[in-house]
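Here the structure is laid out as structure tokens; the discussion comes afterwards.
The values are calculated or read from the model by the stated rules, or taken from the named source; none is laboratory data. Being a predicted model, the structure only gives us computed values, none of them experimental. Neighbour counts are summed over all protein chains in view; Cβ atoms, including those assigned to glycine, are modelled from backbone coordinates with ideal geometry. Ligands, DNA and RNA are stripped out before the accessible areas are found, and what is left, the full protein with its side chains, is counted by its heavy atoms. Shrake-Rupley method; radii C 1.70, N 1.55, O 1.52, S 1.80 Å.
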Amino acid sequence: MAVTRRTALVPLFLVSLAAVGYETALTRYFAVAKWSEYGYWVISIVMAGFALSGVVLALFRDAFARRGETLLSALPALLVAAAAIGFHFTTTNPFNPLQLQNPVTWHEQVWNIAGYYVCLLPFFFLAGVFVSLSFVLNPERVGRVYGYDLTGAGVGAAVVLAAMFMVHAFFLVPILLVPLAASACFMSADRRRIGAAAAVIALLGGEALLLLDNRAEFNDFKAIYAPLHTPDARVVASVLSPRGDYLLLDDFTERADTDISNNAGMLGVPGPPRSFGLYRDGNRVASLPLPGPPDAAYAPAALDALPYRLIPHPSVLLAGGSGGFRVAEALTLGAARVRVLEPEPVLLRSLQRGSGPSPAWPDDGRVSLSGDGPVAAVREGGSYDIIDISADFLDAAEANATAVTVEALANDLRALAPGGIVSIPVSIRDFPVYALRVLATARAALLAAGIADPAAHTVVYRSAWNARVLLSNRPWDAARIAVVREFCDDRSFDVSWYPGMDAAAARAGIYNDLPAVSFATGEVTSEGSDDAIADEAGAVLAGAPSPSRAAFDLTPITLDRPFFYAALRLGELDTILKRLEILPQAEIGALVNLAVLAQAVVIAALVLLVPLVARRRLRAPATGVLRPVVYFAALGLGFLFIEIYLIDKASLWLNDRTSGFALVLTGMLVFSGIGAMLADRRREAIATVSLVVVAWCGLLLAGLQPLVLATLGLPWIARAALVLAVLAPGSVALGLPFPLGLARTGEGGMLPWAWALNGAFSVVATPLANLIAREAGFSRVLLGAALLYVIALVTFPSARKAGAWHLLSARSRAAE
């Protein structure tokens with residue numbers, strides 16, 4: 001068999017770059033045009049295309065190998081055309097997630113999902129053919145091929161993330177057509193001219209289609225759609241970044257977003273003022289003030305004002321400035337000093353420098369602004385009378401969810417002055433059960449802070465739409481409880497829990513009815529006025545059984561399981577599907593993961609069937625296929641498990657999900673690519689590499705979280721360097737097992753089949769790891785990865801025949 005020249009691997013680098021970039025661009029498209037939760041479908045389509053391409057090459061390996069150089073030259077033009085046409089028709093797909101949850105309209109939406117597969121699968125199938133064919137044509141140097149593939153993918157991730165600072169998500173794909181077309185220019189000389197000419201023609205046609213007829217737009221169920229289409233609405237500022245595409249909207253519907261008492265007029269307090277609306281990917285993030293002095297005259301009637309009534313002139317740690325409105329509220333309510341935490345960089349920049357016509361926060365000696373996250377801030381020390389988490393803080397950025405974990409709340413309690421208060425917001429608009437889950441988390445935090453009786457240190461009060469949980473390091477006495485009740489009575493808020501409360505008596509004076517509803521039947525289970533939170537708060541704070549604990553997952557939120565919106569018990573899937581139409585958007589991600597996992601298992605099963613129906617075509621080794629099956633499946637699962645674990649920890653470390661994802665993905669791919677190029681095909685190497693990976697996983701489990709927490713106060717660039725330092729040695733080792741195993745499969749159809757098998761189980765890995773983390777924690781994901789690499793060591797494929805390594809090594813030296 002002819003061996004391709006080393007320069008022929010440059011096209012592989014470029015195709016891998018574009019394929020990962022295309023995948024990332026599609027994920028961003030779904031986040032902006034639809035919901036980000038449905039980006040999981042993209043991962044499924046990618047890996048399905050790769051796995052199917054490997055199967056096809058495994059079955060028809062000889063035919064592809066004979067025409068290998070010709071096919072490689074023709075594929076760039078086909079890839080450009082498939083990418084452009086696929087994305088164009090993806091943007092015209094009328095998929096509507098809300099209708100998917102509707103029992104009447106869901107059937108049509110399933111067909112729309114199938115339409116995404118029809119549009120996008122061809123590109124990833126062709127990209128998979130290109131990669132798999134590169135392995136087939138270079139069997140004696142699979143480590144180098146795999147290295148080019150991984151490093152190209154890593155660079156592709158970095159390139160598209162950098163492009164997001166300059167290009168809107170709807171226009172990322174046209175950029176990625178360029179490296180696809182350029183790959184044709186690096187083919188062998190005798191085929192370069194025709195392939196390059198075809199690629200240029202495809203590039204011009206693709207760019208014309210995507211730039212002149214781009215159909216991408218916000219769907220009408222996005223929060224921005226209605227205000228954007230009101231009379232005289234206009235976009236007054238915009239920001240592009242990998243975190244999202246931000247628009248500052250000026251329209252007559254925008255108001256400061258806060259929960260105000262219906263009695264505001266009786267209290268002589270005005271309503272919330274007009275504002276600009278800041279939207280990220282079509283979802284509202286915050287209100288930003290109009291030009292002029294910040295107006296917070298409404299603050300005394302706000303739900304979150306109670307702590308300031310209890311503690312005059314407090315020193316405040318405020319998590320989330322809400323565009324400046326919450327800062328103004330705190331000062332209006334008498335705060336003596338306010339330290340504002342705003343980890344979301346666009347919101348922080350709007351406070352520091354303004355955004356378009358919205359002014360910056362004025363100089364005020366009482367106020368300091370910080371980009372620290374909630375965990376880092378309290379670890380720096382300091383004593384606060386009030387630690388106040390803004391209602392929009394948790395949804396302003398994914399990493400902000402760490403503010404409502406056991407570890408963060410325990411640190412908050414330790415940072416309070418005697419008698420201080422931690423104020424925690426909970427939306428009960430969709431599921432009142434979220435308030436009970438926060439109470440379970442608060443109970444664990446109080447115990448962790450050394451407080452033996454959590455119920456005596458907790459107060460819960462609410463409006464019709466939101467609740468506030470107040471924790472104090474001093475028991476709530478009669479005097480403070482009297483202030484709480486008076487504050488709520490004046491504003492028609494309800495008190496759902498205070499120490500010594502008689503829940504039955506409290507029902508007689510409810511202002512905002514919150515009846516208990518059975519999730520299983522959808523029927524109200526209480527009679528007359530009721531407060532579903534008050535009914536169960538005492539039991540939850542005591543750690544006792546309760547109706548909601550049986551129906552929902554009230555496990556405390558921790559840094560290992562930082563999922564705020566994870567109340568559904570996935571074991572009750574039948575009930576969940578019956579109540580699909582009422583599920584909050586944030587809970588849909590777990591169901592999408594389940595659907596993708598089911599599909600991934602089917603794909604993996606189809607790949608596994610290939611040896612049974614075409615053993616001769618694969619030229620399977622005499623020792624059988626069981627060991628390769630287990631080996632490559634374990635690698636596909638294990639690599640992704642480690643990646644997902646590290647992304648979560650890097651997100652906490654950098655206080656930013658996007659930066660954590662980008663740094664881990666790029667770093668792992670590049671360092672693994674370097675490792676792949678070091679593969680020496682010796683039997684001894686796999687034992688050493690596997691033990692290194694397992695030992696590295698053990699060190700991560702034992703020491704990574706303490707290291708993260710101890711260094712949260714360092715500058716961002718120092719923490720980013722630490723992330724790379726932690727992942728580099730293990731990632732280099734992770735790059736070796738795959739090419740070592742591929743080399744053992746010989747030159748038959750086993751090689752592309754093994755690549756397909758690895759890809760198929762990579763499809764399984766992503767949703768499976770997400771579900772394990774949701775149900776058991778990220779530490780279990782890493783433990784699973786370590787076990788998988790032990791299994792890989794035990795099942796390392798036997799040599800096809802004696803002396804195979806010496807023969808391949810000799811051929812490699814001769815070819816070079």
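Just one of the numbered conditions (1) part of a helix (DSSP H, G or I); (2) open to solvent by 30 Å² or more (accessible area, probe 1.4 Å) is not true of Ile576: (2). Here Arg561 fulfils each of the conditions (1) of a type outside the set (Val, Ile, Thr); (2) open to solvent by 20 Å² or more (accessible area, probe 1.4 Å); (3) not in a loop (DSSP other than H, G, I, E, B) apart from (3). Among the candidates Thr91, Thr105, the residue that is open to solvent by 10 Å² or more (accessible area, probe 1.4 Å), without any contact (Cβ under 8 Å) to a residue 12 or more places away in the chain and among the polar types (S, T, N, Q) is uniquely Thr105. Would a scan of segment 66-87 turn up a residue that is among the basic types (Lys, Arg), part of a helix (DSSP H, G or I) and buried (at least 20 other Cβ atoms within 10 Å of the Cβ)? The answer is no; no qualifying residue exists. Of the helices (runs of 4 or more DSSP H) lying entirely inside segment 697-816, those containing at least 2 residues that are at pLDDT below 95 and farther than 20 Å from Met668 by Cα span 737-744, 750-776, 778-794, 804-815.
One residue stands out in segment 512-551 among those that are in a loop (DSSP other than H, G, I, E, B) and either open to solvent by less than 20 Å² (accessible area, probe 1.4 Å) or among the acidic types (Asp, Glu) (or both): the one that is modelled with the lowest pLDDT, namely Glu527. Restricting attention to segment 103-151, the residues that are closer than 18 Å to Ser73 by Cβ and aliphatic (A, V, I, L, M) add up to 8. A Cβ distance below 6 Å, combined with a sequence gap of six or more or placement on separate chains, defines the contacts here; from segment 487-514, residues that are touching a residue at least 60 places away in the same chain (Cβ under 8 Å) reach residues that are open to solvent by 20 Å² or more (accessible area, probe 1.4 Å) and among the aromatic types (Phe, Trp, Tyr) in the pairs Ser492/Tyr511. Filtered by the rule that a residue be within 31 Å of the chain's Cα centre (by Cα) and open to solvent by less than 60 Å² (accessible area, probe 1.4 Å), segment 252-276 gives Glu254, Ala256, Thr258, Asp259, Ser275, Phe276. Inspect segment 654-662 for any residue being under 30 Å from Val145 (Cβ atoms) and in a loop (DSSP other than H, G, I, E, B) and give the result as yes or no. Checking segment 654-662: not a single residue is under 30 Å from Val145 (Cβ atoms) and in a loop (DSSP other than H, G, I, E, B). When each of Val167, Val131 is tested for being of a type in the set (Val, Ile, Thr) and open to solvent by less than 10 Å² (accessible area, probe 1.4 Å), the lone residue that passes is Val131. Selection within segment 196-242: residues that are of a type in the set (D, E, K, R) and surrounded by fewer than 13 Cβ atoms within 10 Å (Cβ to Cβ). The member of this set that is farthest from Ser355 (Cα to Cα) is Asp213.
Within the set Gly660, Gly675, the sole residue that is touching a residue at least 60 places away in the same chain (Cβ under 8 Å), within 21 Å of the chain's Cα centre (by Cα) and open to solvent by less than 10 Å² (accessible area, probe 1.4 Å) turns out to be Gly660.
Filter segment 689-722 down to the residues that are surrounded by 18 or more Cβ atoms within 10 Å (Cβ to Cβ) and polar (S, T, N, Q) and list them by number. Ser690, Gln705, listed by residue number. Among the helices (runs of 4 or more DSSP H) confined to segment 333-435, the ones with at least 1 residues that are of a type in the set (S, T, N, Q) are located at 345-353, 406-414. Screening Ala503, Ala586 for residues that are open to solvent by 20 Å² or more (accessible area, probe 1.4 Å), touching a helix residue (DSSP H, G or I) at 6+ places or on another chain (Cβ under 7 Å) and hydrophobic (A, V, I, L, M, F, W, C) leaves exactly one candidate, Ala503.
For segment 450-463, the criterion of being outside any loop (DSSP other than H, G, I, E, B), open to solvent by 30 Å² or more (accessible area, probe 1.4 Å) and more than 19 Å from Ile557 (Cβ to Cβ) is met by none of the residues. I need the full set of residues from segment 767-786 which are surrounded by fewer than 23 Cβ atoms within 10 Å (Cβ to Cβ) and of a type in the set (Val, Ile, Thr), in order please. The answer is Ile772, and nothing else.
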